[in-house]
Amino acid sequence: MLAVAMLLTLGLGGPWSGAEKAEAAPAFAKGADISWVPGMEAQGYTWKDKNGNTRDIIDILKNDYQINSVRIRVFVNPSNDYGNGYMNKDRAATLAQRAKNAGMSIMLTLHYSDSWADPGKQTKPAAWQSYTFQQLMDAVWNHTRDVMYAMQAKGVTPDWVQIGNETNNGMLWEDGKASVNMKNYAWLVNTGNNAVKSVSSGTKTIVHLANGYDNALFVWNIGGLIANGATFDIIGMSLYPTASDWSTKVNQTITNANDMISRYGKQVMITEIGLDYNQATAAKSFVTDIKTKIRNIAGGNGLGVFYWEPQASPGYNGGYNKGAWQSNGRPTIALDGFIN
């Protein structure tokens, strides 16, 4: 299987190249990560709109806030209870089908872990712990294709797939830790990219880092990937400011985005944002500002903005407080920033 991955790296194609094509992505994605929705529904949560009417959350996001895209994370073998929103490929595909049926575009976030992958932890799946690096690349290849085929079985071809999540220091530690072996990290990104393209040549791949305002991080990480031959389409960024610094952080992120575009020829997408639910006025201003500035990047190279789990109620799932709904089931004004 590795040989196939490397052939694709060299652009020689493979027996699956171009098998399916993603549907046309929106010119500008206004998105929400909704991975907790099925678990919340299983726990009995419901959502009200701004008028107090209980409605389907996807309907509210689309029709009240002009959300046209959703982001869904996928773990390899999550052991945690489904009620808490730990999505395997089949649960993720069912949610993706539901969003597609509502007319939305789909982004997948492949964590390549059994639980959360982020700047502080990139833990290999338990089943992959003893693998050689070649076996690890084969596992990334096979898992990525399995997820893509699970989506296609539900009639979904994702528009975008993140190869890892917030891989500030690489992924699948220690083998793919960027500060230890940037080449390994690049090869893992290549393997994920090529696996996606082998199933859907039109799906765009994303490398996603946290702290979108941190230009030095992005130059080191993205530059290191490219110097080591990594192939991917889009640079993704997270941004979680405070009510007092969001304007500064947005401007720094836009400066960084423009640098990434000019330096590496990559388009940019803000794949995670959030701000405390009890700072809703600041959150609305933040959303409005970053949406407008990303959309106005020259050449159409700013592709979209995604709010992370806006439907989360205050304190949900261990204390997440950056959603956009209140404990009374009604939304804050934060998502009004998406409305044109």
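The T288 and Q43 beta-carbon pair, evaluated with R₀ = 30 Å, returns a calculated FRET efficiency of approximately 0.40. Inter-label distance, A24 to Q129: 4.9 nm, where each label sits 7 Å from its Cα along the C-beta direction. Gyration tensor analysis over the Cα atoms of the chain returns equivalent ellipsoid semi-axes of 30, 23, 19 Å (largest first, whole Å). DSSP assigns beta bridges within the chain; of those with both partners inside it, close to 15 percent run antiparallel.
Partner aspartates and glutamates whose Cα lies under 20 Å from the Cα of K48, excluding those fewer than 8 positions away in the same chain, are identified as D33, D56, D59, D64, D276, E309, D336. Rg/Rh, computed from the Cα trace of region 192-340 with Rh as the Kirkwood radius, has the value 1.01. Here the peptides 56-63, 222-229, 30-37 are ranked by packing, the mean other Cβ count within 10 Å, and the order with the highest first is 30-37, 56-63, 222-229. Between V180 and S201, the modelled label-to-label distance comes to 3.8 nm, taking each label 7 Å out from Cα in the direction of the beta carbon.
Taking a sphere under 15 Å around the Cβ of D245 and counting the other residues whose Cβ falls inside, with K and R at +1 and D and E at -1, yields a net charge of -1.
Taking a straight line from the alpha carbon of K121, these aspartates and glutamates sit under 17 Å away, with near neighbours fewer than eight places off in the same chain left out: E166, E174, D175.
Excluding V37 itself, calculate the net charge of residues whose Cβ lies under 10 Å from the Cβ of V37, where each Lys or Arg counts +1 and each Asp or Glu counts -1. In short, -3. A straight Cα-to-Cα reach below 18 Å connects K293 with the lysines K30, K249, K266, K284, residues fewer than 8 places away in its own chain not being considered.
Tally Lys and Arg at +1 and Asp and Glu at -1 over the other residues with C-beta under 11 Å from the C-beta of G212: what net charge comes out? Taking every other residue near G212 into account, the sum is -2.
Here, each number is a calculation from the coordinates, and none is a lab measurement. Since the model is a prediction, treat every value here as computed from it, not as a measurement. We place every Cβ from the backbone using ideal geometry, glycine too, and count neighbours over all the protein chains shown.
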